[in-house]
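Each remark here refers to the structure printed beneath this line.
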Amino acid sequence: VFDGKGAFSNVSPTTNNWVSGFIGYGGINLCAVANTDGARVELYIGKSKKEDNKEIFDYLYSKKNEIEKQAGTDFNWARLDDNKASKIYLEQSGTNVFEELTWKKMCKFHCEGIKAMADAFVPVLKEYFDN
């Protein structure tokens, strides 16, 4: 189970534009994404069964007000009915993975966004999986 530290501690370097961190529940990850038109942090719900993903998303969505109050921000909620996975995310514009002058801004967004998501979502996921 996620202890609030080290979600990305076992992540290896990659050439992808994203990195995924483990929060204690298989198929559910916190991700940091760096693009040419901005950045994103997301809770990715991608277990093997579509119906499990939608059930988890719906549970989290039922706690939307509580989660967003804890995080101090509004999230983008993407159930993605036509896809197996669902995601909840924050986006940032004005950064570009190829423009070094924007890297500090992007890194700050990733760090603060991942922490806000972990603090807001992990306790609610624990409630879900403990029931």
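Scanning region 89-128 for residues that are assigned to a helix (DSSP H, G or I) and aromatic (Phe, Trp, Tyr), which turns out nearest to Asn29 (Cα to Cα)?
Within region 89-128, the subset assigned to a helix (DSSP H, G or I) is 100-128.
Within this subset, residues satisfying the condition of being aromatic (Phe, Trp, Tyr) are 103, 109, 121, 128.
Details: Trp103: 23, Phe109: 17, Phe121: 11, Tyr128: 15 Å.
Restricting to residues being assigned to a helix (DSSP H, G or I) and aromatic (Phe, Trp, Tyr), the top hit is Phe121.
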Would region 4-19 turn up any residue that is over 15 Å from Ser86 (Cα atoms), open to solvent by less than 70 Å² (accessible area, probe 1.4 Å), at pLDDT below 95 and in a strand (DSSP E or B)? yes
Scan region 38-55 residue by residue and report those that are more than 14 Å from Leu80 (Cβ to Cβ) and among the aliphatic types (A, V, I, L, M). Ala39, Val41
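I'm trying to understand the selection: among the residues of region 97-107, which are open to solvent by less than 40 Å² (accessible area, probe 1.4 Å) and over 23 Å from Ala120 (Cβ atoms)? Steps first, please.
Kept after step one, since they are open to solvent by less than 40 Å² (accessible area, probe 1.4 Å), are these residues of region 97-107: 102, 106.
Of everything in region 97-107, just one residue is open to solvent by less than 40 Å² (accessible area, probe 1.4 Å) and over 23 Å from Ala120 (Cβ atoms), namely Thr102.
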Would you mention how many residues in region 111-120 are surrounded by 21 or more Cβ atoms within 10 Å (Cβ to Cβ) and over 10 Å from the mean Cα position of the chain (by Cα)? 1
For Gly94, the lone unmet condition from (1) touching a strand residue (DSSP E or B) at 6+ places or on another chain (Cβ under 8 Å); (2) open to solvent by 60 Å² or more (accessible area, probe 1.4 Å); (3) farther than 23 Å from Val122 by Cβ is (2)
Which residue pairs have Cβ atoms closer than 8 Å, lie 6 or more positions apart in sequence or on different chains, and pair a first residue in region 103-121 that is over 13 Å from Ala71 (Cα atoms) and free of Cβ contacts under 8 Å to residues at least 24 places away in the same chain with a second residue that is open to solvent by 10 Å² or more (accessible area, probe 1.4 Å) and not β-branched (Val, Ile, Thr)? Lys105/Gln92; Lys105/Gly94
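The values are calculated or read from the model by the stated rules, or taken from the named source; none is laboratory data. On a predicted model such as this, the values are computed, not experimentally measured, just so you know. Heads up, the Cβs are rebuilt from the backbone with ideal geometry, glycines too, and the neighbour counts pull from every protein chain shown. When the accessible area is computed, the model is the full protein with side chains, heavy atoms only, and any ligands, DNA or RNA have been set aside. Shrake-Rupley method; radii C 1.70, N 1.55, O 1.52, S 1.80 Å.
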